[in-house]
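> I'd like to ask you about the structure that follows.
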Amino acid sequence: MPKLDAIGIVSQDLRSSVAFYRLLGIAFPDPDGDHLEVTLPSGVRLMLDDLKLIKQLDKEWTQPTGHRMVLAFRCASPAEVDDLHAKITAAGHASKTAPWDAFWNQRYAQVVDPDGNVVDLFAPL
């Protein structure tokens, strides 16, 4: 069976994306080209690719509408969900769903990255 090795995110502004994901504890290096990646503790690589690069590689690429996938970050506690949501929104990023105690027994919130991708924050209650 193949192993999931990397997740790629198309970015219109690498610096903004790096700043956002650093708020989530992802240690991206400073951008100095059109591609960045970092290996997460799970071993999966998270990659950021500049939109201009993607358009060079895929001449038919079009901006998606809606969201078809979500990155979900497990927090250590319900309080961390609240704190991280507050930190990210205070940095000027949009909230999609304010923290709440979801019926599936999680403290749950959603924020939006600079490119419109939804990012879940959750912790078991």
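Values quoted throughout were computed directly from the atomic coordinates according to the rules given, and no laboratory measurement underlies them. Owing to the predicted nature of the structure, the values given are computational and were not obtained by experimental measurement. In this analysis, Cβ positions are derived from the backbone assuming ideal geometry, glycine residues included, and neighbour counts consider all displayed protein chains.
> Could you tell me which label, among (1) 18.7, 56; (2) 16.3, 56; (3) 15.2, 46, carries the value of Rg and Dmax of the Cα atoms in Å calculated for this structure?
Among (1) 18.7, 56; (2) 16.3, 56; (3) 15.2, 46, the one calculated here is (3).
> A further question on this structure: Given the rule -39500 (n - 2.57) for each run of at least 4 DSSP H residues, summed and divided by the residues of the chain, what is its mean residue ellipticity at 222 nm, to the nearest 500 deg cm²/dmol? Numbers along the way, then the final one.
Working: 3 runs with 30 residues, N = 125.
Mean residue ellipticity, 222 nm, calculated: -7000 deg cm²/dmol.
> Sort out the exposed loop trypsin sites (Lys or Arg not before Pro) in the chain (DSSP loop, at most 15 other Cβ within 10 Å) and tell me the longest stretch that has none.
On the way: sites that count: Lys3, Lys59, Arg68.
Answer from the scan: 69-125.
> Karplus couplings for segment 49-55 from phi (6.51 cos²θ - 1.76 cosθ + 1.60, θ = phi - 60°), rounded to Hz, Gly and Pro as x?
Here the 3J(HN,Hα) series is 10, 5, 3, 4, 5, 4, 5 Hz.
> Among the aspartates and glutamates, select those whose C-alpha is under 14 Å from the C-alpha of Lys96, and discard any that sit fewer than 8 residues away in the same chain.
Asp82, Asp113, Asp115, Asp120
> If you don't mind, there's one more thing I want to ask. For the chain, with only Lys/Arg (+1) and Asp/Glu (-1) charged at the beta-carbon, what is the dipole magnitude about the Cα centre, in debye rounded to 20? Before the final figure, lay out the partial values.
Details: 12 positive and 17 negative charges, 44 e Å.
Rounded to the nearest 20 debye, it is 220 debye.
> Expressed in whole Å with the largest first, what are the equivalent ellipsoid semi-axes of segment 83-125 derived from the C-alpha gyration tensor as the square root of 5 times each eigenvalue? Spell out each step's value before the answer.
On the way: eigenvalues 74, 22, 9 Å².
Output for segment 83-125: semi-axes of 19, 11, 7 Å.
> If you don't mind, there's one more thing I want to ask. What share of the DSSP beta bridges in the chain is antiparallel, in percent to the nearest 5? Intermediate values should be presented prior to the final figure.
On the way: 17 of 27 bridges.
Bridges in the chain are about 65 percent antiparallel.
> Within the chain, what is the longest stretch that has no chymotrypsin sites (Phe, Trp or Tyr not before Pro) placed in a DSSP loop and near at most 12 other beta-carbon atoms within 10 Å?
Details: sites that count: Trp61, Phe103, Trp104.
By the stated rule (loop sites, at most 12 other Cβ atoms within 10 Å), 1-60.
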